[in-house]
Structure formats: structure tokens, C-alpha cells
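The values are calculated or read from the model by the stated rules, or taken from the named source; none is laboratory data. Because the structure is predicted, anything quoted here is derived from the model rather than measured. Positions of Cβ are generated from backbone atoms using ideal geometry, with glycine treated the same way; all protein chains shown enter the neighbour counts. In case anyone asks, the SASA skips ligands and DNA or RNA and just uses the protein heavy atoms, side chains included. Shrake-Rupley method; radii C 1.70, N 1.55, O 1.52, S 1.80 Å.
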Protein chains: 4
Amino acid sequence: MNHAILTGHCADREGLVAKMTLWVSRYRGNIVHLDQHVEEEAGRFFIRVEWDLSGFEIEDEKIADRFSAEIAEEVGLDFSVGFTKETPRIALFVSKESHCLWDILSRWTSGEWNVDISCIIGNHPEFEKVAKQFSIPFHCLPITKETKGEQEAKELALLEQYEVDLVVLARYMQVLSDSFIAAFAKPILNIHHSFLPAFAGARPYRKAYDRGVKLIGATAHYVTPDLDEGPIVEQDIARVSHRDTVQDMIRRGKDLEKVVLSRAIFLHLNRQVIVHDNRTVVFT
Amino acid sequence: MNHAILTGHCADREGLVAKMTLWVSRYRGNIVHLDQHVEEEAGRFFIRVEWDLSGFEIEDEKIADRFSAEIAEEVGLDFSVGFTKETPRIALFVSKESHCLWDILSRWTSGEWNVDISCIIGNHPEFEKVAKQFSIPFHCLPITKETKGEQEAKELALLEQYEVDLVVLARYMQVLSDSFIAAFAKPILNIHHSFLPAFAGARPYRKAYDRGVKLIGATAHYVTPDLDEGPIVEQDIARVSHRDTVQDMIRRGKDLEKVVLSRAIFLHLNRQVIVHDNRTVVFT
Amino acid sequence: MNHAILTGHCADREGLVAKMTLWVSRYRGNIVHLDQHVEEEAGRFFIRVEWDLSGFEIEDEKIADRFSAEIAEEVGLDFSVGFTKETPRIALFVSKESHCLWDILSRWTSGEWNVDISCIIGNHPEFEKVAKQFSIPFHCLPITKETKGEQEAKELALLEQYEVDLVVLARYMQVLSDSFIAAFAKPILNIHHSFLPAFAGARPYRKAYDRGVKLIGATAHYVTPDLDEGPIVEQDIARVSHRDTVQDMIRRGKDLEKVVLSRAIFLHLNRQVIVHDNRTVVFT
Amino acid sequence: MNHAILTGHCADREGLVAKMTLWVSRYRGNIVHLDQHVEEEAGRFFIRVEWDLSGFEIEDEKIADRFSAEIAEEVGLDFSVGFTKETPRIALFVSKESHCLWDILSRWTSGEWNVDISCIIGNHPEFEKVAKQFSIPFHCLPITKETKGEQEAKELALLEQYEVDLVVLARYMQVLSDSFIAAFAKPILNIHHSFLPAFAGARPYRKAYDRGVKLIGATAHYVTPDLDEGPIVEQDIARVSHRDTVQDMIRRGKDLEKVVLSRAIFLHLNRQVIVHDNRTVVFT
């Protein structure tokens, strides 16, 4: 069974849904999911269409071109098409905290996600053994101020070699350089251990404790050159009280972080997230 | 400004969205919201379309007939149409607890909702003064086992007299008879003070305390002849601990009850709720 | 029935709980609630003791002095004592949004809280009628840049005249001056319409929308000279999605704001909140 | 560093906290945590005291006897004492779902919990490889109606052999017999995939879908002979909508189940849970 998933956005105008759904129907595609949204303020139209390809009259590799020529160009739709038979390839970046890493590995190994973990890259050697346990290549690339450029070049080479579609920063405690982000040019998901925009930057639980908040949070977002400022995919919070020390917050926050990051990865893998203007439309 | 809102459901088949949106466009309706859902298991299609009527080429009172003849009959769509310029008329049924009553009255008086509170019916005299404060007619209809039939007949007469579109049971502690529900034949919203189906029936907080749950809840649902078994519109919960007595649960539950009921009323008024097969599709 | 409630904090040391509970027992007080907390990082001890005064051997008005002389001075406890028979007096400050006002008035009028609403002060005339409906004195004190000092002086005079124990800013859209805060010298509770420290200052829902967060929140805190920086008493959040416009956030946020503010007021009235070092211990 | 943790409950009376804290102080124990609770309705007193044993004048193995003789017998306290230097021993019971298993193993292997996973017992062979990956003994004991008694006897023998303190049913799809529960006579924690008491028994997500609830939940509870009726330790919920199929609920529920079960295990291991009369006091 193979489905096509088309996601895109354009300036809103009359009849967009009808136009696109008719196009799918005309070639005998059977639509199984349709989500659309009009952001009224910006007058922007967003769509996600998923259809069954059995009996579809256009070959997979020609769908994007045909749709572009027959629909997208005319209405100015910025779109992409993916296929459920494809298995996306992920690289995990880690440092010294393992809870997100374990959460991702356990979902992958148990078949919860249709994904390849192509490699794990750490700036510390800690998780080489874990990687080995799952027979996943591990690369240790320690980074200092001096070696950053050089090591990021090695990372980029690895991402190319492994044909990685998505980088997941699973509590990776290094800031990626602007040039790395530009050179990779594919999505990078990060988990930040606060409900952004509160407590951006370092040591958010310390800051949360000092401010005396009654909620702690976690935020999964795409990485952009502005630290902790990228489009938010998912957030969640937990209640805390005066009884929680900074250490309690760190411990309890781990459960938020891993679940929030994994939810964001799952949404991304299913092409449920559309980014526009530093905000996300998440079709659930 | 006047919008039409059409909601409906039918057996799923190809091209339903295109067919309906094209119909609106053909008569120069400008769609401002479109939500659709396919319940895969039952193969059921649900839709809500809202369009701007300025420039629409069919008069309001003929829209339902024309849509029925040109679209709905063919595809078997069970639908209804409403208009945002209409102000729905509500009757509130109350007993001795006032938190839901106050919450509804304050939203109405502050203009948060476009609704008429046509009357308040109590089986106790308690809230006559409150009703007077807001210049709303109050009718006290005490009910005993013996007088139930007679009093419900009076209630029905009042509902007809006030041309009521929706009855809201705002912590009304009487069970409506099957014949009342059948005779009224319009929607009735109730708030039950537990996360149904847990703790249906009387004294849910007492039961929650005795069971030692760590969450209490509230459930807004449409009333059907099966007590506390009608289609659920909205639910929410709050955490409790061993520190909460039954009285604490009752006090804290009030905040849940009033907000959950008011959310359900708002969703209903906006025609965001579609009922089918004792379940609801809630387009938010 | 009358209970004493003693709350306080001091540097932690051995035997504080025993010392204080024995003191109560020695004079035949029956402890009905005891909460204590040691903030490990700062080595600070917090306590709340509530005891039944029937049979207590010290008169109410002498309890503070005797406890001070016999216990508090020795251990350096910063404490206060209140009595459940006392009815605290509140002043409500309002502008043009009524949801918090209604929520507070409905709790008061229905007897949910043991409190006197001594007066309502508005910088707009909007809610004079509401105040009248509840027979509460209303004072309209419009504020401009030029008149601020003068009007705040009138407010202070009113607070003194009404013997107000607590000011509640129920969506009051004026910043209180440092001198007002210093002169009043009693607690002031505010509701801010975001999960602080995110989106402090003006137009938080606008900022939340622009940032694309997936949660909106509300924060009740004590007012200090630093705007939106005072000790947080209570916070809560609601999930939002791309479907929520700024107006939807504002509407949905109202439900958060009123419930969070009212929870904070209730906690304050019950003397469940202890402030130290810009953070709160909230015994629930 | 070694702490003693004493937990217990008895009929409430004057001076219990003072009596117990003085006892600890008398032998030069430094109390680091003290929690107490009086359940007013039943007049029951609950306490948890944790103190530093460096300098404590009673040897670890004599503490229980001395406390019993000098305090507990007199006041009728049902208590137990544990030590933070001890590492509790857990057995995991599993079937075919691995999410709770992985969650527990990852917390253990990363050092988040001070615990020994002594063995994994499965009624299916699925997770032998996972157990091997972590060098944990795995025992496959398939159960049929006919072999239940025999297999449970083997399980009991294993639990004795491994000196197990706590059995965790990590989505183990067999009902333990009354005789097994009686013979083991130590705590057994289970995770049920609903917010109990709603949807007890088999296929809770199916039932939740059919009922049309807007929340799904998970409940961690101690096992008693009454199926799904044991004392609840922890619960949590997630919002669902009409868009969630039964399969979506199952997938999303996994995240609830694993986190709720692990929270309950952590609370149990820290001796933060006291059971009385089929309810729990959870000191957090």
C-alpha cells in the first residue's frame, strides 16, 4: 500500500480545495485524508492531501511535475509531495543526556515509527555503547571553539554520506552554526527544555526555579539561525510546586522533553507539519 | 454581515468536498471556513462549511431547499443550515447550585455570546432574585414524583411559548423523562460532574473520593433517554490529591463544570458540533 | 467555630516543627492542619499551622504576642496569624474587561468565599451598573499621564476608608506606581494574560500568536514595583493550534484568566500562600 | 550517605508529629523531609519522615524495633522503615507490548533510578532479545487456562529466588490469580490503559472510542484480587478528538501509559506512597 501526501501553501483564493481535490480524483486517486486551513490574518491557504495510489494514473516520480504544471504554478502553491512507502532517514545528535535518545531508539526498534536511524553523532563518547547495542553507526565529534568549523564539516559529510533527511537534536548541547544550517538545507528538529519563549538559552530549569513558576515545559521546534527562535512544532507542560527542587524539575522535565520531541518527530515524519513565516500549521 | 453555516454527514464517497464547495462558489458564496472529516471505521463523511452571504445569489430562506435539491438528496447528506445573523434562544434549567448559571449569565450580559436567555426554569425558588437582577423571566416548577408529568408539561409549554432552540441543564438535579425529551425534540445540553463514563449517576465526587482517583472531571453532553449516556461534547479534568476532601473536590469541580459546560454551549451555538451514532464530531 | 492560622518562615534548624506544634498543644489548641516545607537550597523553613481555638487558653488578640515572645523571636520566625472568623476586605480594580469581575462577584454572592467586596474602582465608568446590581460602591477614577499621582492618592484614600486588606487587579489596565505600592503596603494580586515570564507587558496574545506557540497561559502574581515580575501564585495553560486566531486566543484566554485569578485569591484568603525572596510556597 | 525513611499511619490524635520528630532528634537524626497528612473523614494520620543517618545513635537494623517499642506501639502506628542505601529489586512481567518495558529499562540503564531489574518474565518469548541486550535474565512462561496454576508457581519460585521486592506488570496481559497475589505478599504495580474506573477490563481504547470520550487516560495502581480495583497511585490523561481512530488512541495512549507507570514506580521506590483502605496518600 502506498499513499501520496501533498502539503503546501499559497495566497488564499476561491476554489482552491475544489481545484486540488478534483485534480486527484481526475487521475483516479482516492483521497483518504484532507486537511486545509486558511490563516485569515495573512490570507494564507494551507493544505494537506493524502491519497491512495493504487489505480492512480500518474507514476510516483512524475506526480510532482504534473501537479506543478497543472495546478501549483497557476495558484502559486509552494508544495512538496512524499510517499508513505518511503522510509525517511534520520541522524541523531547527542551529548550526555540519554532520555530522548532512548525514547527515539525504543520507538524505532519496536516498529512504532517507519524510519531509519542512519547514524548517531555525539560530541561526547558516552553513547557509543548504546549505539552499538542497536547496531547503529556512532561518530564521536568533540567540539571546541577552535575545532567547530572543522567538526561541523565532518558532520555535514556524514549527513551527506548517510543521505539524511532529518537531523534530530536529542538534547545536543552545541549551537549549530549558521553556515551548518545553510549547508545542510534540510529540516533540523530540536528540543528545548522550557516552554519557549520563556527561558530561552542555557539552564532553563535553574531560571524557572529562580522565577518561581508553577509550570515547567518543553518545546520542540525547527532550528533556524536564531537560537531557540525557530518555528514551534509542539509544546507541553507539567505542574510544579515549591516542593520541586531544580533537580526535581530536571528529572520531571525529562519526561516532557522526550515525549514532546518524539511527538514532533512523528508529526514531521507523517508530513503533518507545514512551516510558513516562522509559524507552523500542524494537521492532527 | 451574515454567514451561512451548513453542517451535515453522509456515507463517504469520492468528490464530496469538491461537489459542495463548488456549489457554494457557483452561487458566488465566499467560503470563510471549511472543515471536513471522514470517520474511516464507519465510512462516514462529516462537513461544516461557512460562507459569506454578501453577494450570494440564493436568498437565505431558500438555501436549504436549493442545496437539498441540487446536492444533498443525491449524496444522502443529512444536513442543516443556520445563519450567523440569527440569535439562538436558550432556556436555563437550574436547581440549587449557581456556578454554571452565573457563568452563563456573565458571558451573555458581557456580550461574549450571541444568544438570548429567554427564561430560567428552576425546580427550587432560589434563583428568582438572580433572574430578576438580569431581567430574565423566572419560573419555579417544583417537581415531586407525583407532579413530574404535570410540571414537565408546563415546562414544555414554556419552551414553546419562548420559542426555545436549546435547553441547558445548568446543574439541574432532575432527570428529564423520555416523553419530555421526545416532545421537546430539540437539543438539550447537560453538565455531569465527572469524567464520564466514570461515576455516572448521583454523587460523583463522593464516589471519586472513595475510589481514590487522582483526577476529577466534568462532562458536557447532549441529553438522551439513557441517563448520562448521551453524546459527549466536551470534557476536562483537574488533578486532585489525598489532601482534597469531598468538599474540596466539589469546590474545585465547580470551576471545571462551569467552563466545560460553557465551552460546549459555545461550540453548539457556533454549529461546530455534529452528532452521529451517539458520538460527536467537534470542529474547532 | 474559629481557627487560628499561623504562617511563617525562618532559617531552617533542628526541631522547629516539634517546637511549634508543642506550643500549640501546651495551650490546648487542637491542630487541624499542619504543612511545613524546607527549601533545601536556601536552607529556609516554611510552616502553616491551623488550630481549633475552642478551649485554647490564650485569647485571640494575645496569640501573636505570646507566640512571638515564647517561640518566634528565639528562632527568628517571620510570621503572621489570622483567624477564620475574620472576613477579609477586598477592593477590585477594573478597566473594560469584565470576565474576572463577574467570576469574583459570582463566587462572593453565592457564598463560595468568606470575603467582603468593599468597593470596585474603575478607570473607566463601564462597570458602575454591575456594581450597583450587587450594591457595591463603585468609584470611577480615570487616569491620564498627568492625573496619575492625584488619582492614585484618591485610590489610597478609598482603600484606607474601606479598610481594605487586599487589592485585586481584575484586568485593570493601569500600571500602579511604585509609590502607590509602597503606600498601600498590603498585598495586591494581579492577573497577567500569559504564562509568565513569557510575554510580559502589553498585548501578550498578539505576541503569542506571532511567536506561534502551542500553549497560551495566565499567571496570577503579587504586584511589586517590577512590572510582571512579582511572586507567582498560580498559573495555568490551554492548548491552542493554528486554527486559533488572536481573537480566539483572547476569548479562550479569558477562561484561564478568571479561573487562575480566582484560585489565587482563594489561596490568599485561606492564608495558604507564603512569600519569600520573590517566590511563593503554596500549601494546598 | 544514607537516609532512613519511615512511613506509617494510625488513628489521629494530638501531638503525633511532635512525638515522632522529637524521637528522631533525641537520637541525633537530622530530618531532611517531613510530610504528614490527616484524613479528616476517617480521622487517620499519615506520616513520612526522612532523616540523615550520619551521627544517628541507633544502628540501622535496630531502628524499626526501637521505634516500635518507644513510639509506634503506644500510638498504634502501622509503619515501615527503609534506607536510601538499599537498592530495591524489581521483576518485570511483560507480554507483547514493549513501550513500558523500554521506558523502564532506559531509566534503569541511564541511572535515573536506584533499582535492580532482577529479571523479566514474559508469557510470550518476544522480549528475550531485549532482555539479553541489557544482560537481564529472561524467563518465558506461557500461560493457558490449564497451565495457569503451574506457571504461577514457577513465577513465585523465580520471585523468591531473585529476592524480588516489587513486581511491575509492564502491560502484562494476564490476570494474576488471588492465590498468586496472596503468596507473593509484596507490592505489585500495574498499568491500566484507561482513566479508571472508566473502561476497566479488556479493550479500553475500543470502549473509549465507542463512547466518544474527549479524553483518554492511563492509571497505575497496586494489584489486589479485584481486577482494576486496587489503590490508584497515579493517573494522567490526553485530549483526543473525532480525528483519532482507535489506532491513534492506542498509539497516543502508549505515551501516557509508560510515563504514568514509571512515575508510579519512582514514587513507590522513594517510599512516597502509603496505602490505606484501598486509597493512597502520595507525598510529593
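Here the Karplus curve 6.51 cos²θ - 1.76 cosθ + 1.60, taken at θ = phi - 60°, turns the phi angles of segment A:217-230 into couplings of x, 9, 9, 9, 8, 6, 7, 10, x, 8, 4, 6, 10, x Hz, with x standing for Gly and Pro.
For segment B:3-83, the relative contact order is 45 percent, taking Cα pairs closer than 8 Å that sit 6 or more residues apart in sequence and dividing their mean separation by the residue count.
Solvent-accessible area lost on pairing D with B (1.4 Å probe, both sides summed) amounts to about 3300 Å².
Max-minus-min Cα coordinates of chain B on each principal axis give 59, 41, 36 Å, with the largest extent listed first. How many percent of the accessible area of chain D is carbon or sulfur, using a 1.4 Å probe? Roughly 49 percent, rounded to a whole number. Taking the protein assembly as shown, how much of its Cα-Cα pair set, in percent, is spaced more than 46 angstrom apart? In whole percent, the long-distance tail amounts to 38.
For segment C:1-93, the orientation-averaged shadow of the C-alpha convex hull comes to 7.2 nm² (one quarter of the hull surface). Computed over protein heavy atoms with a 1.4 Å probe, the accessible surface of chain C works out to 40 Å² per residue. Placing +1 on the Cβ of every Lys and Arg and -1 on the Cβ of every Asp and Glu, with nothing else charged, gives the protein assembly as shown a dipole about its Cα centre of roughly 0 debye. Rounded to 0.05, the FRET efficiency of the A:V246 and A:V175 pair, given R0 = 22 Å and the Cβ-Cβ distance, is 0.45. In this structure D:V81 has an accessible area near 30 Å², from a 1.4 Å probe over the protein heavy atoms. Burial of accessible area (probe 1.4 Å, heavy atoms of protein chains only) in segment A:166-199, relative to its chain alone, reaches at least 50 Å² for A:F195, A:P197.
Comparing each chain alone with all protein chains together (probe 1.4 Å, DNA, RNA and ligands left out), the residues of segment A:2-22 losing at least 30 Å² of accessible area are A:E14, A:V17, A:A18, A:L22.
Round to the nearest 10 and report in Å² the accessible area of D:S179, as given by a 1.4 Å probe over the protein chains' heavy atoms. About 80 Å², ignoring ligands and nucleic acids.
Label separation (D:R26 vs D:A182): 4.1 nm, computed from points 7 Å beyond Cα along the C-beta direction. Charged neighbours of B:R89, selected by a Cβ distance under 13 Å, balance to -4 (K, R count +1; D, E count -1). For chain B, the mean residue ellipticity at 222 nm estimated from helices alone is -9500 deg cm²/dmol, where every DSSP H run of n ≥ 4 contributes -39500 (n - 2.57) and the total is divided by all residues, rounded to the nearest 500.
Please report the antiparallel percentage of DSSP beta bridges with both residues in chain C, rounded to the nearest 5. The answer is about 70 percent antiparallel.
Only protein heavy atoms count here; under a 1.4 Å probe, B:M20 has an accessible surface of about 0 Å².
Mean sequence separation of contacting Cα pairs (under 8 Å, at least six apart), scaled by the length of chain C, corresponds to a relative contact order of 15 percent. FRET efficiency for A:S80 and A:E57, Cβ-Cβ distance as r, R0 = 22 Å, nearest 0.05? FRET efficiency, A:S80 to A:E57: 0.55. Legend: residues C:K132, C:K207, sorted from most to least accessible area (1.4 Å probe; ligands, DNA and RNA excluded), read C:K132, C:K207. Computed from backbone phi, the HN-Hα couplings of segment A:186-192 come to 10, x, 10, 9, 10, 10, 10 Hz, rounded to whole numbers (Karplus: 6.51 cos²θ - 1.76 cosθ + 1.60, θ = phi - 60°; Gly and Pro given as x). Other residues whose C-beta falls under 15 angstrom from the C-beta of B:Y222 contribute a net charge of -1, scoring Lys and Arg +1 and Asp and Glu -1.
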